[in-house]
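Scroll down for the structure; my scribbles are underneath it.
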Amino acid sequence: MYSLDKIVLFKRNFSIIDLFSKRGINAILVGLSFLIRTKRVFGYPVSLMIEPTNICNLRCRSCPIGLDKMTRTRGMMSFETFKKIIDECGDYLLKIYLWHFGEPLLNNNFYEFVKYAKSKKIPYIVTSTNGHFFNIENTEKLLDCGIDHIIVALDGASQETLSQYRVNANFQQVMDGLKRLIQQKNKLNVPKPFVELQFIIMSHNEHEIKKIKKIAEEIGVDKLSFKTHDVGVWDSDFEKESKKWVAKTIPNLFLNNGYDLQSAKRNMCIWLWTSCVITQDGIVVPCCYDYDGEMNMGNLKDNSFREIWNGKNYQLFREKILLNRRNIPKCAICSEGIVDNYYYSEEELNKFINCIK
């Protein structure tokens, strides 16, 4: 059973006073819709994942872009499309995930996206980046635009290790840019953005866990997180490729939960009531694992968000999930509702770290 905070109330930025605001009332209505499993949602999503671009400078080994599996049109989200999203949904949103596939900082409008969303008083905006674009100009823009949280994905503590999985990555470039961002943030004495260094534990990098901890401490990031590598969340090809990278010493939380890749266990998915993904060209899809936009609920070029959110396609999709999630291929191999956590705590990690050769 989902706890209330997991359904809609993001503890980091949602207080009891907000319950009486437009956002608060909307969150309650959305939570109610989920609890009673309505096909029509009583409110707008409480969060959105918005894709600035599906173009990337890297070719990660088990990513749809890195494996050349993505067939949808490559491009950059326009400011007009982003503005349309925020103008309709902004008053109700608690959080924006400003990434999907691709490297978000490649979109020159990224900083204006954040500024515009913040002008609508959206409480929390987070992005995830591979960290190759923290030059002097971009660092100033990041510190000025108002973004709350930046996740820097760095799966190696050396050039050799990082580039094995993140092909074309430049370790020193990421280090220089990250240091620049932290130093400038400290110089200005500002609390934002919260800088998180994320390390996905895999077979080729688990020997560098101690080293990345030392690097994170020396640079002064706000948080270092260790994440389990997803396994087979898209199709059998990805399952085969991703299993190559599963760590040998550190147990994979995805697999260690007894996750059956062929059979989801609950006919539900919280995302269908609380959130969705909007691709760079305005397509609304229910899930972040739908890399190719196959589960197309509608396009914002043709309809308003509300028309899509409670339209025929979305209602039918929610109904299918409630009846039998296993009949939807992508949903049948998705971990939502099965694996609750992909991240290791410091205490959990320390149980295994000394066993690494």
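Remarks
- Taken over segment 299-315, the criterion of being open to solvent by 30 Å² or more (accessible area, probe 1.4 Å) and either in contact (Cβ under 8 Å) with a residue 24 or more places away in the chain or assigned to a loop (DSSP other than H, G, I, E, B) (or both) is satisfied by K301, D302, N303, S304, R306, Q315.
- The lone exception for K22 - which of (1) more than 29 Å from H132 (Cα to Cα); (2) among the basic types (K, R); (3) under 15 Å from the mean Cα position of the chain (by Cα) it fails: (3)
- Single condition T249 does not satisfy, out of (1) at pLDDT below 90; (2) out of contact with any helix residue (DSSP H, G or I) (no Cβ under 9 Å at 6 or more places or on another chain): (2)
- Some residue of segment 274-288 being in a helix (DSSP H, G or I) and at pLDDT 65 or above: yes
- Whether a residue is over 17 Å from T127 (Cβ atoms) and at pLDDT 95 or above was assessed, and N205 does not pass this test.
- When K211, K179, K185, K223 are checked against the criterion of being among the charged types (D, E, K, R), open to solvent by 30 Å² or more (accessible area, probe 1.4 Å), farther than 15 Å from N130 by Cα and in contact (Cβ under 8 Å) with a residue 40 or more places away in the chain, a single residue qualifies: K211.
The values are calculated or read from the model by the stated rules, or taken from the named source; none is laboratory data. This is a predicted model, so every value here is computed, not measured. Positions of Cβ are generated from backbone atoms using ideal geometry, with glycine treated the same way; all protein chains shown enter the neighbour counts. We work out accessible area using only protein heavy atoms, side chains counted, and drop any ligands, DNA or RNA first. Shrake-Rupley method; radii C 1.70, N 1.55, O 1.52, S 1.80 Å.
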